[in-house]
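First comes the structure, then the notes that go with it.
The values are calculated or read from the model by the stated rules, or taken from the named source; none is laboratory data. In this text the structure is predicted, and so the values were computed from the model without any measurement. Neighbour counts run over all protein chains shown; Cβ positions are idealised from the backbone, glycine included.
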Amino acid sequence: MHILKSRPWNLPESSATPEALVFGRRQAMALGAGMLAAGPALAQQAGLPPAMRNTRYAPGRAITAEREVTTYNNFYEFGSHKTISAAAQRMPLRPWTVKVEGMVEAPREYGIEDLLSRMPLEERVYRLRCVEAWAMVVPWTGFPLSALLAEVKPLSSARYVVFQTATLPSVMPGLRQSWYPWPYTEGCTIAEAGNELSFMVVGAYGKLLSPQNGGPLRFHQPWKYGFKAGKSLVTIRLTDQRPVSFWEKIQAQEYGFWANVNPAVPHPRWSQAQERMLGTGESVPTQLFNGYGEFVADLYTGLQRERLWA
Amino acid sequence: MRLIGPVLLALAAGLYLGFGSDPLGALLFRLDPGLLNLLQAVTQRYLLPMLWDDVLLPVLEAPAWIAPAVLGGVLTLLGWMRARG
């Protein structure tokens, strides 16, 4: 009888890395070696490593034009209007470090290049629904938040993840409004953070993430309103205390902790039943959990007494 | 004008005694945390972004007593000149 004895190095065919990703990485490594030879200044301009598209999260809509996504932005540190992209170019994205701290076994500080090289990058085309009733579809490049959390090993007592945006007064005019509770802070539960959709974004449209879109590192949970996505992150902290977010401190009635998309629950000043697509202007019905219910609805079982929709 | 000017000067004095050099923005934020956000959104989205950054924000950053003091002083002066002329 022929007996197959499995060795630790025997891997199933399904574990094999796709060919395009392997050769893409080789090309990237060759490019990186060339840049190192050319000097640190050139290496700082390195582009986004290649990343395969994960087709598990099909958006069901056309991707929004890159120009729309990079010129119509909410980034309150630069202003309240949508044309902050020019002002945001003054924000230096290199060098950039991100601390992961708090209730973790192994707190760490990452350089952004370190994150780019060690995290499992992939592309995901996600819908984004703004609380202001507009929406877009963006091919983000990034990595699951769970991959980052696996490195720092959250303590069992950690219940929330808090994200803090950089405070750079020399380039962010909004910080002159000293009465606001800077830095911009957002958060989610540890269960939400561990959900497979929770994504740390480092790029879009195959390029490094632009400053106006929250470069070099932002967060995105596509089933929540966009303001929950902290941009230009410098600190990720695990804690047992539920954070009070920036907007929650200013207007809790309009911007709550959970902020899950729900077309049946209107904003105090407008309906959330429809959304206007950036670029086309088309008005389309908004979906519960922005259409991601199959991935996330279970997170909220037993939380009906919470204000889940604002 | 002869009445409003002195009233604004009195308000400025009251704000100085009550809040010292606290910015006007901080005072308004304490009164209504959402007020300035709404004002900024209306100004920057429907009027002109620079109007907020270059005109209104400097006023909000200044101590709360300055705006009524300047306005009150000007109105009092105008009222006095008008009374003389």
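Tell me yes or no: at least one residue of the stretch B:64-71 is aliphatic (A, V, I, L, M), facing another protein chain (nearest Cβ under 10 Å) and under 18 Å from the mean Cα position of the chain (by Cα). Within the stretch B:64-71 (the criterion being aliphatic (A, V, I, L, M), facing another protein chain (nearest Cβ under 10 Å) and under 18 Å from the mean Cα position of the chain (by Cα)), the answer is no, since none of the residues qualifies.
Of all the listed residues (A:E151, A:E192), the sole one being more than 26 Å from A:Q89 (Cβ to Cβ) and in contact (Cβ under 8 Å) with a residue 60 or more places away in the chain is A:E192. Taking the criterion of being free of Cβ contacts under 8 Å to residues at least 24 places away in the same chain and of a type in the set (G, A, S), the residues of the stretch A:271-310 that qualify are A:A273, A:G281, A:S283, A:A297, A:G302. Taking the criterion of being among the aromatic types (F, W, Y) and in a helix (DSSP H, G or I), the only residue of the stretch A:77-101 that qualifies is A:F78. Only strands (runs of 3 or more DSSP E) whose full extent lies in the stretch A:221-310 are considered here, and the ones with at least 2 residues that are of a type in the set (V, I, T) are A:233-239.
Each row is one residue, and each column tells you yes or no for (1) without any contact (Cβ under 8 Å) to a residue 24 or more places away in the chain; (2) assigned to a helix (DSSP H, G or I); (3) within 14 Å of chain A (Cβ to nearest Cβ).
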site	(1), (2), (3)
B:L15	no, yes, no
B:S21	no, no, yes
B:L28	no, yes, yes
B:D54	yes, yes, yes
B:P58	yes, yes, yes
B:L77	no, yes, no
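Is it the case, given these coordinates, that A:Q177 is out of contact with any helix residue (DSSP H, G or I) (no Cβ under 7 Å at 6 or more places or on another chain) and either within 30 Å of B:L31 (Cα to Cα) or within 14 Å of chain B (Cβ to nearest Cβ) (or both)? No: the conditions fail for A:Q177. Residues that are more than 8 Å from chain A (Cβ to nearest Cβ), under 17 Å from the mean Cα position of the chain (by Cα) and not charged (D, E, K, R) within the stretch B:30-42 comprise B:L31, B:L35, B:L39, listed in sequence order. Screening the stretch A:48-62 for residues that are hydrophobic (A, V, I, L, M, F, W, C) and farther than 8 Å from A:V125 by Cα and picking the one that is surrounded by the most Cβ atoms within 10 Å (Cβ to Cβ) gives A:A51. Scanning the stretch A:245-270 for residues that are in contact (Cβ under 8 Å) with a residue 24 or more places away in the chain, hydrophobic (A, V, I, L, M, F, W, C) and surrounded by fewer than 24 Cβ atoms within 10 Å (Cβ to Cβ) yields a count of 7. The sole residue among B:L60, B:L24 that is under 16 Å from A:R176 (Cα atoms), touching a Gly at 6+ places or on another chain (Cβ under 6 Å) and surrounded by 15 or more Cβ atoms within 10 Å (Cβ to Cβ) is B:L60. Looking for something modelled with pLDDT of 95 or more, closer than 30 Å to A:Y255 by Cα and part of a helix (DSSP H, G or I) - is there at least one such residue anywhere in the stretch B:61-70? Yes, some residue in the stretch B:61-70 is modelled with pLDDT of 95 or more, closer than 30 Å to A:Y255 by Cα and part of a helix (DSSP H, G or I). In the stretch A:214-226, the condition of being among the basic types (K, R) and more than 13 Å from the chain's Cα centre (by Cα) is met by no residue.
Here B:P49 clears all of (1) surrounded by fewer than 17 Cβ atoms within 10 Å (Cβ to Cβ); (2) more than 17 Å from the chain's Cα centre (by Cα); (3) not aromatic (F, W, Y) except the condition numbered (1). When we screen A:G203, A:G187, A:G142, A:G215 for residues that are surrounded by 20 or more Cβ atoms within 10 Å (Cβ to Cβ), more than 14 Å from chain B (Cβ to nearest Cβ), assigned to a loop (DSSP other than H, G, I, E, B) and in contact (Cβ under 8 Å) with a residue 60 or more places away in the chain, the only hit is A:G215.
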